[in-house]
Amino acid sequence: MKFDRLLNMVMRGSMGLVIIYLCNLYLATKGYAYYGAINLVTFLVCAVLGLPGVLLVLLVVIMRSSIGI
């Protein structure tokens, strides 16, 4: 049972990073300078929260870029 939960978290984290990468590619082709980082913290956020974690990461990236931090 624990292995299933661990595998589920790893898959959610991996798919979250893939979605962020694809969003980065799409936004770059449209000329926007929003780049979500792909690192361990992002992986963990996506693994724990799933799709809401991906949306949270992308929202933070857009908010940081819009206020110039």
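The values are calculated or read from the model by the stated rules, or taken from the named source; none is laboratory data. Bear in mind the structure is a predicted one, so any value in this text is a computation, not a measurement. In case anyone asks, the SASA skips ligands and DNA or RNA and just uses the protein heavy atoms, side chains included. Shrake-Rupley method; radii C 1.70, N 1.55, O 1.52, S 1.80 Å.
Applying the Karplus relation 6.51 cos²θ - 1.76 cosθ + 1.60 with θ = phi - 60° to the range 36-43 yields 3J(HN,Hα) values of x, 6, 10, 8, 5, 5, 4, 4 Hz, where x marks Gly and Pro. Sequentially through the range 10-21, phi angles give Karplus couplings (6.51, -1.76, 1.60; θ = phi - 60°) of 5, 5, 5, x, 5, 5, x, 5, 5, 5, 5, 4 Hz, Gly and Pro residues having no value and appearing as x.
Solvent-accessible area of the chain (1.4 angstrom probe, protein heavy atoms only): carbon and sulfur portion equals 74 percent.
Rolling a 1.4 Å probe over the protein chains gives THR29 an accessible area of about 110 Å². Note on LEU51 and LEU6: the extension gain reaches 14.5 nm, defined as 0.36 nm multiplied by sequence separation minus the Cα-Cα distance. Per residue, how much accessible surface does the chain expose to a 1.4 Å probe? Answer in Å², no decimals. Solvent-accessible surface per residue comes out at 75 Å².
If each residue of separation counts as 0.36 nm, what is the full-extension length gain between ALA37 and ARG64 once their alpha-carbon separation is subtracted?
Values: separation 27, 0.36 × 27 = 9.72 nm, distance 1.22 nm.
Net length gain for the segment: 8.5 nm.
With n ≥ 4 as the cut-off for DSSP H runs, can you work out [θ] at 222 nm for the chain, using -39500 (n - 2.57) per run divided by the number of residues, rounded to the nearest 500? Walk me through the numbers on the way to the answer.
Values: 3 runs with 55 residues, N = 69.
-27000 deg cm²/dmol, from helical runs alone.
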